[in-house]
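Notes to accompany the following structure.
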Amino acid sequence: RPGDRDEVELGVKTRPRTQRPPMYKVLLLNDDFTPMEFVVHVLERLFNMSHAQAIEIMLTVHRKGVAVVGVFSHEIAETKVAQVMELARRQQHPLQCTMEKE
Ligand code: TYC
């Protein structure tokens, strides 16, 4: 059949691909100075977490050094990072937030 021959001879299969935009992990980094309550507040306020969830993620960052706090489109991830950095800057906390392609 047409198509079969090329696939066999060339060893190529074309797989139908659904277009998905790349997603970005937003990472929160630990430091020795930012108060735990401030981090919990940021997670509740900007990442729509419950108080219990926010405490859990904050403690993960505290113990492990970093945690993913959400996965978003590029534009939303950039906005979240900027919002975290601005809140931290306003309170003069050294809290760091970055993004990374999934
Ligand atoms: N390590 C900080 C402290 O002991 C708390 C903290 C948690 C800071 C998470 C930043 O992303 C962070 N006060």
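Annotations for the structure displayed:
- Output for the stretch 43-73, where each listed residue is open to solvent by 70 Å² or more (accessible area, probe 1.4 Å) and on the phi > 0 side of the Ramachandran plot: 48
- Remark: pairs (first residue in the stretch 82-102, in contact (Cβ under 8 Å) with a residue 12 or more places away in the chain and in a loop (DSSP other than H, G, I, E, B); second residue of a type in the set (S, T, N, Q) and open to solvent by less than 60 Å² (accessible area, probe 1.4 Å); Cβ separation under 8 Å; 6+ apart in sequence or on different chains) = 93/34; 94/34; 95/34.
For (1) within 19 Å of residue 99 (Cβ to Cβ); (2) outside any helix (DSSP H, G or I); (3) within 15 Å of the ligand (Cβ to nearest atom), each residue gets a yes or a no:
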residue: 32; (1), (2), (3): no, yes, yes
residue: 41; (1), (2), (3): no, no, yes
residue: 49; (1), (2), (3): yes, yes, yes
residue: 52; (1), (2), (3): no, no, no
residue: 63; (1), (2), (3): no, no, yes
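- Residue match in the stretch 1-10 (condition: among the β-branched types (Val, Ile, Thr), over 15 Å from the mean Cα position of the chain (by Cα), at pLDDT below 95 and in a loop (DSSP other than H, G, I, E, B)): no
- Filtered by the rule that a residue be in contact (Cβ under 8 Å) with a residue 60 or more places away in the chain and open to solvent by 40 Å² or more (accessible area, probe 1.4 Å), the stretch 16-42 gives 22, 23, 25, 29, 33.
The values are calculated or read from the model by the stated rules, or taken from the named source; none is laboratory data. The shown structure was predicted, so the numbers you read here are calculated from the model rather than taken from an experiment. FYI the Cβ positions are ideal-geometry reconstructions off the backbone, even for glycines, and counts take in every protein chain you see. Remember, those area values only see protein heavy atoms, side chains included, never the ligands or the DNA or RNA. Shrake-Rupley method; radii C 1.70, N 1.55, O 1.52, S 1.80 Å.
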